[in-house]
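Below you will find the structure I want to go over with you.
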Amino acid sequence: RKNNAFAGTDLGEIVPTTAQIVMVGMQSDFCIRATCSAALARGNEVLLVRGAHATYDRVEVLDHGTITPASVVEAEIEGELEEAGVVLLEMKDLPGIRPCFRIYLPTIHHKIPHVIAESTGDGIIIIRLVELGRLTKAVRD
């Protein structure tokens with residue numbers, strides 16, 4: 001199984017390949033990267049919002065256990081995804097986007113966070129990848 005929201009869920013059947021996807025959530029260097037890559041491969045336009053995705057500090061095992069701060073890891077992933085074709089935006093670039101319906105897709109694989117797909121009704125899909133412990137707050141928001 002892959003660490004993307006399209007693997008092991010019905011997301012690929014729900015989200016048309018013509019939809020613009022706004023990606024937010026956890027974890028930048030795993031699920032966000034994999035889901036953005038899968039969406040690009042499907043033909044979706046993918047928008048990644050700076051400051052609306054996150055990860056943890058990375059332990060560099062091959063570098064004597066030094067720590068790379070999460071903010072550096074997030075910036076690395078943004079650069080990699082931008083090079084692959086993802087459009088990077090700031091929150092201020094997305095004024096007025098409000099979901100009109102929400103679909104919750106629980107996953108059974110521990111490496112894939114739960115998926116909340118929200119449609120704005122005009123061809124834009126917001127995909128939120130939420131860790132299990134943070135799911136209650138995300139559904140409430």
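The numbers here are math on the coordinates, done by the rules we state, and not lab data. On a predicted model such as this, the values are computed, not experimentally measured, just so you know. Quick reminder, even Gly has a Cβ in these numbers, built from the backbone with ideal geometry, and neighbours come from all protein chains shown.
Normalised by the number of residues in segment 1-76, what is the relative contact order in percent for Cα pairs under 8 Å and 6+ residues apart?
28
Now for a separate question. With r as the distance between the Cβ atoms of Glu76 and Ala41 and R0 = 25 Å, compute the FRET efficiency 1/(1 + (r/R0)^6) and round to 0.05.
E(calc), rounded to 0.05, equals 0.75.
So if each residue of separation counts as 0.36 nm, and I subtract the Cα-Cα distance between Leu88 and Glu13, what length gain in nm does that give?
Here the answer is 24.5 nm.
A further question on this structure: Provide the percentage of antiparallel DSSP beta bridges, counting only those with both residues in segment 1-70; round to the nearest 5.
Within segment 1-70, antiparallel bridges account for around 35 percent of the total.
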